[in-house]
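Structure first, then comments.
The values are calculated or read from the model by the stated rules, or taken from the named source; none is laboratory data. Note that the structure is a prediction, hence the values are computed from the model and not measured. Here the Cβ positions follow ideal geometry from the backbone for every residue, glycine too, while neighbour counts run over all protein chains shown.
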Amino acid sequence: MRKQLALIALPTIAILLGIFVGSYPTDPLHLTPGAIIIIKDIRLPRTLMGISAGIALSLGGMTLQAVFRNPLVGAYILGVSSGVAFGAAIAVAFLPFAGVAPLALLFGLLAVFLAYWMARINGRVSTVSLILAGIIVTALFSALLSLLELLLPSESLSALVIWLMGSLSGATWERVTYSLPGVITLALVFFLLRWDLNAMSLGDEAELLGLNVHLWRGIFVFISALMTTLVVSFTGIIGWVGLMVPHIARMLVGPEHSKLIPATISIGITVMVLADVVVRLLPGDIPVGIITTIIGVPFFGYLLRRTGGGWE
């Protein structure tokens with residue numbers, strides 16, 4: 001019961017802090033007209049984008065960890081981040097009228113499809129082949145991105161580098177409208193498929209339960225990739241959330257997905273929104289991706305030592 005209350009209270013507190021805390025002081029009991037404008041036009045969309053990012057990155061990581069039965073797997077291992085980055089660079093370099101987000105979304109999904117096509121051997125997609133294909137696709141798009149960076153003028157290159165670090169500072173109501181409803185819809189899909197996720201976490205033994213493992217692996221990979229790109233195409237690359245949060249949730253409530261999915265959502269929102277509150281209070285409003293990376297690197301080391309890279 002205490003865990004359930006905590007999982008409700010933590011994101012609620014984080015959201016309230018996201019709305020009322022920042023470099024400009026706002027008293028929730030005595031809001032001035034200026035404070036109302038700041039909350040309405042800046043902090044509220046930024047907090048909602050943080051909610052969207054927390055849900056998408058955490059659930060995406062949770063799903064792939066279950067499908068691959070490996071706690072060190074995240075959505076970016078399939079080439080999503082490098083595809084998104086390359087799409088953003090294409091937009092900045094050649095198609096500024098098209099906008100960064102649409103091309104980032106397109107190339108993020110293209111990277112996943114390419115990895116899945118490459119990993120499909122004799123009509124089957126194994127865990128090892130898909131991860132290796134993701135590494136190959138990541139290397140390809142990273143090389144193409146480096147080539148584009150050489151061609152960009154210094155001003156455009158600086159803007160691209162900052163965007164790639166991951167930030168919620170560019171959140172607007174329009175971007176929230178594009179991102180949050182899709183993320184919530186896909187989160188509901190995951191919850192409806194929670195029993196299939198439970199079966200997939202058994203690995204190939206799920207076939208004994210009558211589940212087409214290779215078909216469902218493709219479905220879950222696609223949904224995870226779509227959910228992730230719906231966020232990172234607007235925010236840039238925010239790393240480590242999809243690795244840390246599912247593991248924390250699993251330690252709290254166990255591996256059963258009817259409990260794990262709500263816990264992952266709760267912790268994901270809390271971590272993402274609080275990380276954004278921290279960067280608002282620091283000088284210069286640094287990208288939130290830097291904060292999540294600083295937290296995530298030692299956590300990754302802890303996971304590696306604890307699990308040895310395998311499923312517990």
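The table that follows gives values for the structure above.
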quantity: Within segment 131-185, considering residues that are free of Cβ contacts under 8 Å to residues at least 24 places away in the same chain and among the acidic types (Asp, Glu), the one farthest from MET49 (Cα to Cα); calculated: GLU155
quantity: Any hit, segment 82-90, residues being over 21 Å from the mean Cα position of the chain (by Cα) and farther than 21 Å from LEU274 by Cα; calculated: yes
quantity: Test: VAL297 is among the β-branched types (Val, Ile, Thr), crowded, with 24+ Cβ neighbours inside 10 Å and in a helix (DSSP H, G or I); calculated: no
quantity: Contacts under 8 angstrom Cβ, first residue in segment 281-292 being closer than 11 Å to SER169 by Cβ and modelled with pLDDT under 90, partner among the polar types (S, T, N, Q) and exposed (fewer than 15 other Cβ atoms within 10 Å of the Cβ), 6 or more apart; calculated: ASP285/SER23
quantity: Selection from segment 1-27 of residues that are exposed (fewer than 11 other Cβ atoms within 10 Å of the Cβ) and without any contact (Cβ under 8 Å) to a residue 40 or more places away in the chain; calculated: MET1, ARG2, LEU5, PRO25, ASP27
quantity: One residue from ILE269, ILE238 being in contact with a Ser or Thr (Cβ under 9 Å, 6 or more places away or on another chain), surrounded by 18 or more Cβ atoms within 10 Å (Cβ to Cβ), part of a loop (DSSP other than H, G, I, E, B) and modelled with pLDDT of 90 or more; calculated: ILE238
quantity: LEU16 being at pLDDT 95 or above and assigned to a helix (DSSP H, G or I); calculated: yes
quantity: Whichever residue in segment 68-80 is buried (at least 24 other Cβ atoms within 10 Å of the Cβ) and β-branched (Val, Ile, Thr) and, among such residues, is nearest to TRP117 (Cα to Cα); calculated: VAL80
quantity: Matching residues, segment 130-166, being within 23 Å of the chain's Cα centre (by Cα) and more than 18 Å from ILE237 (Cα to Cα); calculated: LEU130, ILE131, LEU132, ALA133, ILE136
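This table checks each residue for (1) in contact with a Leu (Cβ under 8 Å, 6 or more places away or on another chain); (2) within 16 Å of ALA225 (Cα to Cα); (3) exposed (fewer than 15 other Cβ atoms within 10 Å of the Cβ).
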| position | (1), (2), (3) |
| --- | --- |
| SER82 | yes, yes, no |
| ALA91 | yes, no, no |
| VAL100 | no, no, no |
| LEU147 | no, no, yes |
| SER154 | no, no, yes |
| MET165 | no, no, no |
